[in-house]
Amino acid sequence: MLATACVDSIQDYNVNPKVAATVPGLTLVPTAERTLVRTLTTTNQNLGITRLLVQYWTETTYNDEARYNLASRQIPENFWTPLYQTVLGNLNEATRLITADATVATGVKANQLACIDLLAVQAWSTLVDTYGNIPYTEALNPLNTTPKYDDAATIYTDLIRRVNADIAAMSTSSAGLGTSDIIYNGSMTRWLRYANTLKLRLAMNTADVDAARSKTLAEQAVAGVFQSSSDNAQLTFLTALPNQNPLYEDLVSSGRADYVGADTFINPLLALNDPRLSIYFQPVSGSTYKGAPYGPKTSADNSSQPGTVLRSATLPGVLATYSEVQFMLAEAVERGFAVGGTAESHYNAAITASIAYWENLAGKTTAAADAATYLAQPSVAYTTATGGYKQKIGIQKWISLYNQPTQAWVEWRRLDYPQLTKPAVALTDIPLRFTYPTSEQNLNGANYATAASSIGGDKVTAKIFWDKF
Amino acid sequence: MRKHLFWVILLLAGLCQQAWAQDRNISGKVTDRSNGQGLPGVTIIVKGAPTIGTSTNSDGVFALSVPSTATTLVFSFVGYATQEAAIAGVNTVNIALATDTKQLNEVVVTALGVERNRNSLAFAATQVDGGDITVARNPNPVNGLEGKVAGLAIQQSNTMGGSSNVVIRGAKSLLGTNQALFVVDGVPISNQNTNSANQQTGRSGYDYGNAAADINPDDIATTTVLKGAAATALYGERAANGVILITTKKGRRNGLGVTINSGITFGRADLSTFIKYQKEYGAGYGQIYGPNEDSYFNRDASGALVVPTGEDASYGGRFDPSLLVRQWYSYVPGSPTFGQATPWTAAANDPSKFFQTAVSNLNSITIDGGSEMGNFKLGYSGNNEQGYLPNSRIKKDVVNFAGSLNLTPRLTFSSSVNFSRVKGLGRYGTGYGSENVMTNFRQWWQTNVDIKELKSAYDLSTNPDLRINNGNASWNMRSPQSGDLRAFYWNNPYFVRYNNYEEDTRYRLFGNVTSTYKVADWFDVLGRVSLDSYDEMQEERSALGSTTSSYLPYYSRYNHTYREYNFDLFGNFKAAITQSISFRGLLGTNLRRISNSSIFAQTNGGLAVPNLYSLTNTISPINPPTETQYGVGVDGVFANATFGFLDRVFLDLTIRRDKSTVLPEGNNTYYYPSVALGYVFSESLKEKAPWLSYGKVRANFAQVGSASAPLAVYNYYNKPVSYGTVPLFALPGTLNNSNLKNETTRSYEFGVETSFLQSRVGFEATVYQQNSSDQLLAVSIPASTGYLARYVNAGELRNRGIEISAFVTPVQTSDFKWTVNANWTRNQNQLLSLYSGDNLVLATYQQGVSSNATIGQAYGSLRGTDFTYDAQGRRIVGSDGYYVQTADANNVIGNPTPRWRGGITNTITYKGVSLNFLVDIKAGGQIYSLDRAYGLDSGLQPETAGLNDLGNQSRLPIAQGGGVILPGVKADGTPNDVRIENNGAATFGYNYNPNAAFVYDASFVKLREAALTFALPATLLSKIAVKGIDFSIVGRNLWIIHKNLPDADPEDIASSGNLGQGFQGGAYPSMRTLGANLRLRF
């Protein structure tokens, strides 16, 4: 009697009827793209605080992060986790599924895998730039729950190898990710340019530690990099949650006023008559722009709020821009790399592209004239601006990377300009890296300890390998 | 049982009567003190001549011839306290016996509803009478057990209708449920709560209560708490957490009866558990606003000083009645101070005036009756509860029916059905968020804001002509001087209560149909089908006009359906193998099927029009609803054998085999054995130690398993919301595992039960150890693996403990009786192993605080940032005058596990009056208070103001003699002498202090329950055809005799469950309840 009623089909009960057991590999890619761009763009006080680290903005009354309190909101954990789990985890799975998919044509498959790998390289380099040594060779294997940490410089070398391989594998004659690609909508021409741009960035990031290799890489890449701002690697967000620009969530939807411009940023913009100031910020009253002192509590009413362009749900989130490429080329020329042009021509192109980019977002049509006027000022013009190339490029790149705060933090550490100082209320010096997440101490303790001791302790003041000066 | 005894005794008594020549006749009637009814079968003997005696007839009447030398009669009956009566010079003795729950020969309901004599039990089982649970008229029967049973830890939240955490003998499962299983008349009752993980970890949400509260408290006859695995092994995989076995009342054998309970209670917030405010300084974060008045205020266009209403802190200007400023209220059209500047003073009415009197009606009626053919019972209970927050109420209706029909002398059918409807409106918002007004009052507040003005502003806003900000006239206006009257972070608390309320309903049906066939005197068969089924809907909203600082205005609904079917078939055997060896056996099977599904949807991007709460009223198209569905099937077969030797040694053996669908094939069949041995040594010592009324030692071992995580075997993909028309899939955070097996709990227990001096005093002590290993859990793994967690069998958690319960009746006369019942529990919990690493994060909270399971420590330890200490353990202060904190948040800063718990119940009875009160004690355990971390930061509490060591106002600049010196030592070991500013930089709060600064001892001593009951004498009642009238005055949580947590109730939790224990944020004050109840019996 009981036999017929007994549990005989385990599957019936154990299969979740509301979720997919198999999916096309391509559907995992936009998940990774969206999370990657969000992670680099967000200003949520729980997730992304690099706008504070480079002192674009400061916090009004709840100034924990402006004081470099990383522990109370677990910032290192919340930056690390989406990059590893959502971005790299899904890219890794997409690679596995696409590789195993016999129905995809060889050329298409090669393109898809190369694009996915390139996104992974972008994520890996961000992790190295933020933490230093990280789990790499043993990572992304859930059966090895104590992955060892790899040396940051060695990881970079492998990332360069991977970019080279990706460039070699990409072909404009076959399709790529197609409509699953929410950055380039599958355009292999642009993916190739992005690949070369990323290669140039890896080259320039390591220029202080391995000039010869950088030279080679930069010279190889220059022909293939972004040709104009229309090549920019960026994700245009949509109007509805959860596809809005995260800035919109935190600046507009929330109705909060946690962030105002820091005087360390607004004062130079004012001094340089920067045409982007009125786009970057809103006036306090009338047409007065005023930054708050960086760090201490301040009244939201008395300082300039982030500009209206940054308060749009559809503001693109940016991975790399043409302007950034031109700044890199200017620096490359200064370092003696044969990338064509002069430092000044690339510098001018970079600034012009940045102004055009922002004025375009703001609906202004006077970019060319504004850029010319701006560059004509002795304080901006490459030949007359103060300091060496690191200072000239550093200051202007800092201004232009306003919507790429994570990259701006890299450049500030690498070029050492602008010269920022920690506020009196700071808990530590300005972070040169994030400490490792608490979960690594708990779950991967032995490897964590080794990694921490190799940099003299898990401190925010330990330098990333490329941060030589 | 009683009936058999009656005949046996009658027979014996008859023999005795014939055998002895007697001198005089005594007659009388023995009644039950609780209901005045005659008690049949009471044994009456002559003191000093135990062979002379009789027993009462079916009406409780007796007649006995006694020798002339006899002076005293002794009346005894199973389940009642033995009484003596002097017979010198009297011929009639009428006596009322009181029930004695400590009678050690009582019948105890054990696993699967099997009734057994306590003698034969070789494991710990505590039986509590229904009357003891309802003595203080607690509408939640679960909470009525609090403090009454050793080993049972109940922790209730202070929200109206909130869930209660029910844990027996400590947490055994690292990530699975640790809630005790409830079984009502053989029906396993889900005690799940549907609170979200966010709600449970102190984020915004509501506590919807737990489902075991859906029981009519007046319908409970007895509750048995089965603590160890040996007692529960027959329940199979759900036995590991202990079982609370509820037996409801049965219809009476003869005639018809009606019982009515009608009561009302009133509750007030206990302000010793609410924040106290400083009254010296008002709104702001310091001197960072307008150019004048020391920058404590903004200025509007007319030049008037305007309070910085957008700041939710009280580190602003010092109150000065001669200073005129515009407050938020002056921007509310229609307010008496509209457009005016008013004196800068502390509020006349602080938020403690927000609480109103809670009112609860609890009424019940039970009709029962029966004949030889069978019996029935029909009950209804209605509970209307209005909480102490405005616009909060819960209505609970329970109808229950039970009946049995004796179709033939051998065949009985019985059925019980329980139907309940719970409707909630305006349950209190919990955790951190604008819907929890406590977050507002305790953490982020301006001491200049008058709560009565907020009420009047809210009332004004109901006039459309005066309405601002969609009716939400908040004190926390964003920037009134520039015309921005939007609520910045916090709404008007009255707007929260009247506009952003939740609504919920839960319809529940549980019951069973049972048939018993007595095949032979020694064998009967029972078949039972039971169902527990509920459907619930929860609707939440945030109205237009609300602050958007955490989320946009929204409406959401959640529908949840749960069904559990159990099919039981078992046979009972009873036989005497030899004259001295008895045998009881049980052989059975149980099939269990659970199906659970839910759907959740909410509006997206805000609400389109006001006052419409529907999924269609969304601005952006709604995102796909979240659906969940799972099923569980378990097939069990079990057997039990109990051997008794000479009625003094008992050996109990059980075995159960379960086959479960939640585990992969091949690993899904497992066995639970148990063996228990008891020895009633008092039987052997009867002659030598007459002072020993009862004594038993018992020991047992059991192994039970569990497989509580459905859908953990096969891998799948998540479906994030599409990017426009591009579909997205994602790896889930948790990797499943196709090699899972069941988890195992091994339990050892040893106990002794004794009573002395005719059961006037006695105690029971149990020591136990339970090791729960191979835990089936999703362990956290490093995110660098691509996953956050992975299902494995890992980890071993050990609970060891001592439970002691004792009773004493210091005074007992025929009119007066005083009994003290006490219980004491110490459970030590330790994690022995884990999967990898030495720490498992159980939950994370705001401010980087987390709950953890760490090898070598008790479950649930709190981690966070800590002070740094010198070699002597003194706190180190840096050269800047602030404490030097650890850089990371991975330091153990506390543990919520108490050292011990205890409860003392006093029952004093004088004739028809009885007084009952319970003192509940928890010693030790720690709690992190987010309320303190933020409240001290925003300058609310008196210690953030006042005078410093120099006798000056501490908030003055150091240059003017202000500032404070934090206690501690400098790096060189000398006492800290660096003075720091006490201004908006928030010296005392979370900003400059580690998490450890806000960890407090959670001990308490509470007067939990008190009840004074008057029973009208039977002589009076007989004239008005009423069998009983009891009137009682009851109180709950009347007095917190001792606690160490400032401003809050150390017991308050956001929700039941493993998460959130030891963390408190937005805590609700405890509620003092006082009321009256009338009980009528016809």
For this session: Considering only region B:701-717, state which residues are within 30 Å of residue B:622 (Cβ to Cβ), modelled with pLDDT of 90 or more and crowded, with 18+ Cβ neighbours inside 10 Å.
Result: B:716, B:717
Exercise. When residues of region B:435-469 are filtered for being assigned to a loop (DSSP other than H, G, I, E, B) and more than 26 Å from the chain's Cα centre (by Cα), how many remain?
Worked result: 11
Exercise. How about region A:310-323: which of its residues are surrounded by 20 or more Cβ atoms within 10 Å (Cβ to Cβ) and either at pLDDT below 95 or within 23 Å of residue A:267 (Cα to Cα) (or both)?
Worked result: A:310, A:323
Exercise. Restricting attention to region B:811-821, and to residues there that are surrounded by fewer than 19 Cβ atoms within 10 Å (Cβ to Cβ) and touching a residue at least 12 places away in the same chain (Cβ under 8 Å), which single residue is nearest to the chain's Cα centre (by Cα)?
Worked result: B:820
Exercise. So which residues in region A:383-423 are in contact with a helix residue (DSSP H, G or I) (Cβ under 7 Å, 6 or more places away or on another chain), part of a loop (DSSP other than H, G, I, E, B) and without any contact (Cβ under 8 Å) to a residue 40 or more places away in the chain?
Worked result: A:383, A:385, A:417
For this session: Could you check how many residues of region A:429-438 are more than 8 Å from chain B (Cβ to nearest Cβ) and within 29 Å of residue B:984 (Cα to Cα)?
Result: 5
Problem set entry | Answer from A:65, A:77 - the residue that is closer than 19 Å to residue A:136 by Cβ and more than 8 Å from chain B (Cβ to nearest Cβ) | A:77
Exercise. Take the residues of region A:28-43 that are polar (S, T, N, Q) and assigned to a helix (DSSP H, G or I): which is farthest from the other protein chains (Cβ to nearest Cβ)?
Worked result: A:41
Problem set entry | residue B:1021 vs. criteria among the hydrophobic types (A, V, I, L, M, F, W, C), in contact (Cβ under 8 Å) with a residue 60 or more places away in the chain and part of a strand (DSSP E or B) | no
For this session: Pull up region B:822-837, narrow it to residues that are within 12 Å of chain A (Cβ to nearest Cβ) and in contact with a Gly (Cβ under 7 Å, 6 or more places away or on another chain), then point me to the one that is surrounded by the fewest Cβ atoms within 10 Å (Cβ to Cβ).
Result: B:835
Exercise. Among the residues of region B:726-733, is there at least one that is assigned to a strand (DSSP E or B), buried (at least 22 other Cβ atoms within 10 Å of the Cβ) and touching a helix residue (DSSP H, G or I) at 6+ places or on another chain (Cβ under 6 Å)?
Worked result: yes
Seminar exercise, completed: Within region B:530-586, residues closer than 30 Å to residue B:237 by Cα and among the basic types (Lys, Arg) come out as B:563, B:574, B:584
For this session: Check residue B:487 against each of (1) more than 33 Å from the chain's Cα centre (by Cα); (2) buried (at least 20 other Cβ atoms within 10 Å of the Cβ); (3) away from chain A (no Cβ under 14 Å) and name the one condition it does not meet.
Result: (3)
Exercise. Pick from B:235, B:281, B:285, B:277: which is of a type in the set (Ser, Thr, Tyr), crowded, with 18+ Cβ neighbours inside 10 Å and either touching a Cys at 6+ places or on another chain (Cβ under 6 Å) or over 30 Å from residue A:62 (Cβ atoms) (or both)?
Worked result: B:235
Exercise. Picking from A:404, A:441, A:396, which residue would you name as being surrounded by 18 or more Cβ atoms within 10 Å (Cβ to Cβ), away from chain B (no Cβ under 14 Å) and touching a strand residue (DSSP E or B) at 6+ places or on another chain (Cβ under 9 Å)?
Worked result: A:404
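For (1) aliphatic (A, V, I, L, M); (2) within 14 Å of chain B (Cβ to nearest Cβ); (3) more than 16 Å from residue B:288 (Cα to Cα); (4) in contact (Cβ under 8 Å) with a residue 60 or more places away in the chain, each residue gets a yes or a no:
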residue: A:244; (1), (2), (3), (4): no, yes, yes, yes
residue: A:248; (1), (2), (3), (4): no, yes, yes, yes
residue: A:259; (1), (2), (3), (4): no, yes, no, yes
residue: A:264; (1), (2), (3), (4): no, no, yes, yes
residue: A:284; (1), (2), (3), (4): yes, yes, no, no
Seminar exercise, completed: Over region B:269-304, the set of residues more than 14 Å from chain A (Cβ to nearest Cβ), among the aliphatic types (A, V, I, L, M) and farther than 15 Å from residue B:944 by Cβ is B:269, B:271, B:304
Exercise. Restricting attention to region B:639-659, does a residue exist that is more than 31 Å from the chain's Cα centre (by Cα), surrounded by 18 or more Cβ atoms within 10 Å (Cβ to Cβ), within 14 Å of chain A (Cβ to nearest Cβ) and without any contact (Cβ under 8 Å) to a residue 40 or more places away in the chain?
Worked result: yes
For this session: Restrict the check to region A:44-62 and report whether at least one residue is in contact (Cβ under 8 Å) with a residue 60 or more places away in the chain, more than 8 Å from every other protein chain (Cβ to nearest Cβ), β-branched (Val, Ile, Thr) and touching a strand residue (DSSP E or B) at 6+ places or on another chain (Cβ under 8 Å).
Result: yes
Exercise. Before we move on, is residue A:146 within 14 Å of chain B (Cβ to nearest Cβ), surrounded by 18 or more Cβ atoms within 10 Å (Cβ to Cβ) and not in a helix (DSSP H, G or I)?
Worked result: yes
Seminar exercise, completed: Per the filter on region B:517-570, residues surrounded by fewer than 18 Cβ atoms within 10 Å (Cβ to Cβ), within 14 Å of another protein chain (Cβ to nearest Cβ) and within 19 Å of residue B:113 (Cβ to Cβ) are B:525, B:527, B:529, B:565, B:567, B:569
Problem set entry | Hits in region B:615-638 (condition: facing chain A (nearest Cβ under 8 Å), assigned to a strand (DSSP E or B) and in contact (Cβ under 8 Å) with a residue 60 or more places away in the chain) | B:630, B:631, B:632, B:634
Problem set entry | residue B:714 being not in a loop (DSSP other than H, G, I, E, B) and not polar (S, T, N, Q) | no
For this session: State whether one or more residues within region B:53-61 are more than 30 Å from residue B:574 (Cβ to Cβ) and modelled with pLDDT under 80.
Result: yes
Seminar exercise, completed: By residue number, the members of region B:676-713 that are of a type outside the set (Ser, Thr, Tyr) and closer than 30 Å to residue A:21 by Cα are B:705, B:707, B:709, B:710, B:711, B:712, B:713
For this session: Specify the residue that is farthest from the other protein chains (Cβ to nearest Cβ); the eligible residues are those in region B:973-995 that are of a type in the set (Gly, Ala, Ser) and buried (at least 23 other Cβ atoms within 10 Å of the Cβ).
Result: B:989
For this session: Answer yes or no as to whether residue A:96 is surrounded by fewer than 24 Cβ atoms within 10 Å (Cβ to Cβ), among the basic types (Lys, Arg), within 14 Å of another protein chain (Cβ to nearest Cβ) and not in a helix (DSSP H, G or I).
Result: no
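The values are calculated or read from the model by the stated rules, or taken from the named source; none is laboratory data. These figures come from a predicted structure and were not determined experimentally. Neighbour counts run over all protein chains shown; Cβ positions are idealised from the backbone, glycine included.
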